[in-house]
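Below: the structure, in structure tokens.
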Amino acid sequence: MADSLTIRRPDDWHVHLRDGAMLEGVVEHTARQFGRAIVMPNLSPPVTTTAAAQAYRARIMAALPPGTAFEPLMTAYLTDHTDPADLVRGKAEGVLTAAKLYPANATTNSAHGVSDIARLDPVFAAMEEARLVLCIHGEVTDPEIDVFDREAVFIARHLERVVRSFPGLKIVLEHLTTGEGVAFVESAGSNVAATITPQHLHLNRNAMLVGGIRPHAYCLPVAKREKHRLALRKAATSGSPKFFLGTDSAPHAKHDKESSCGCAGIFNAPFALESYLQVFEDEGALDRFEGFASLHGPAFYGLPVNEGLVTLVPVDHVVPDTIDAAGTSVVPFHAGETLRWRLASG
Ligand code: NCD
Ligand code: ZN
């Protein structure tokens, strides 16, 4: 049996904590596993300003169990009407860590997203100058583009130009799902990085569509072919500082996923580290887990690594079928499956 593994306390560089009762129900899972998290702004209505991000941060802090040491890192949602001066102020005041680009209608609560990325150039210029990180949901929403091609087309149509035009802008291509994405990030400068979710390391599109439609394997960007999953596993476990942990944990009520129009998003926060670690073990890369989970993200964002340590122990345990989130039943990633690692201390 493998030995236990102790690493620096990790961070989650992409999470949806929601708001209201759902926030109360889910935040403890992220706070138990991670020291910090980049909190997505796609509430309804979205968090589009520094003032809104500050208010949201206060609601997150109020929802944490007493005595929890967890730091939410806030983001602002870019729209066609974003005021660059507000972002610069938000960064200077220590409220904003990043701003998030959602192409309009790409995913949950993104109707307010950006309709023409080129028109955001003044915002990108201000972010480059202020050293505010740009997080990107990298999918086109053009109805003529097949849903499985949307990431690769986004890179070719938009991302290559933005990276070329703003060489000093730090960009995170989030929840990477394709070999094309991996190749792009690898070939770009050190100002371009990517997060990778646990689900995209475990699942290919067959997991969603074979033997019945599996709504709990559905998230955006959708899982792709097996060759892409393998490219992601290779990138995540390569030791490259360009790839780091971002769960994209995105809770939706069970009944909203098991519906004729099911919501996109996988709730992986309760056992995220365990899920990732299993992949690293299977790839023979346990020694690279700490870099991916705890070191590469802070280095990219220019933040110190966390002070504390966490230990994972090799213990089989079955993931519950559902988890109660302050009165809402949510199905966690790996529901009913046995995971081989367990977070022992935090
Ligand atoms: C996210 C959500 O539900 O907020 N869903 C998802 O499938 N990942 C939005 C997102 O990150 O695309
Ligand atoms: Zn997300």
The condition of being assigned to a strand (DSSP E or B) and surrounded by 23 or more Cβ atoms within 10 Å (Cβ to Cβ) holds, among Val182, Val172, only for Val172
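Condition check ((1) open to solvent by 10 Å² or more (accessible area, probe 1.4 Å); (2) closer than 18 Å to Gly138 by Cα; (3) within 15 Å of ligand 1 (Cβ to nearest atom)) across all residues:
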{"site": "His228", "(1), (2), (3)": "yes, yes, no"}
{"site": "Arg233", "(1), (2), (3)": "yes, no, no"}
{"site": "Gly239", "(1), (2), (3)": "yes, no, no"}
{"site": "Pro251", "(1), (2), (3)": "no, no, yes"}
{"site": "Lys254", "(1), (2), (3)": "yes, no, yes"}
{"site": "Gly262", "(1), (2), (3)": "yes, no, yes"}
{"site": "Gly265", "(1), (2), (3)": "no, yes, yes"}
{"site": "Asn268", "(1), (2), (3)": "no, no, yes"}
{"site": "Phe271", "(1), (2), (3)": "yes, no, no"}
Filter region 273-306 for residues that are within 18 Å of the chain's Cα centre (by Cα) and among the charged types (D, E, K, R); the one that is surrounded by the fewest Cβ atoms within 10 Å (Cβ to Cβ) is Glu290
Only one of Ala52, Ala63, Ala58 is under 23 Å from Met22 (Cβ atoms) and open to solvent by less than 20 Å² (accessible area, probe 1.4 Å), namely Ala63
His137 fails exactly one of (1) of a type outside the set (Val, Ile, Thr); (2) within 21 Å of Asp248 (Cβ to Cβ); (3) more than 14 Å from ligand 1 (Cβ to nearest atom), namely (3)
Inside region 17-44, the number of residues satisfying the requirement of being in contact with a Gly (Cβ under 7 Å, 6 or more places away or on another chain) and near ligand 1 (Cβ under 10 Å from one of its atoms) is 0
Within region 80-110, the residues that are away from ligand 2 (no atom under 16 Å from the Cβ), open to solvent by less than 40 Å² (accessible area, probe 1.4 Å) and under 16 Å from Ile171 (Cα atoms) are Leu87, Leu96
Taking region 111-128 and keeping residues within 16 Å of ligand 1 (Cβ to nearest atom) and either over 20 Å from the mean Cα position of the chain (by Cα) or within 18 Å of Val172 (Cα to Cα) (or both) leaves Gly113, Val114
Residue count, region 248-262, condition more than 17 Å from the chain's Cα centre (by Cα) and either aromatic (Phe, Trp, Tyr) or not in a helix (DSSP H, G or I) (or both), comes to 6
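Condition check: within 14 Å of ligand 2 (Cβ to nearest atom), farther than 19 Å from Cys135 by Cβ and open to solvent by less than 10 Å² (accessible area, probe 1.4 Å). Does Val39 satisfy that? Can you show your working first?
Values: within 14 Å of ligand 2 (Cβ to nearest atom): yes; farther than 19 Å from Cys135 by Cβ: no; open to solvent by less than 10 Å² (accessible area, probe 1.4 Å): yes.
When the stated conditions are applied, Val39 does not pass them.
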Going through (1) within 16 Å of ligand 2 (Cβ to nearest atom); (2) in a loop (DSSP other than H, G, I, E, B); (3) of a type in the set (Gly, Ala, Ser) one by one, Ala272 fails only at (2)
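The values are calculated or read from the model by the stated rules, or taken from the named source; none is laboratory data. Since we're looking at a predicted model, the values are computed, not measured. Reconstructed Cβ throughout: ideal geometry from the backbone, glycine too, with neighbour counts over all protein chains shown. Only protein heavy atoms, including side chains, enter the accessible area calculation; ligands, DNA and RNA are left aside. Shrake-Rupley method; radii C 1.70, N 1.55, O 1.52, S 1.80 Å.
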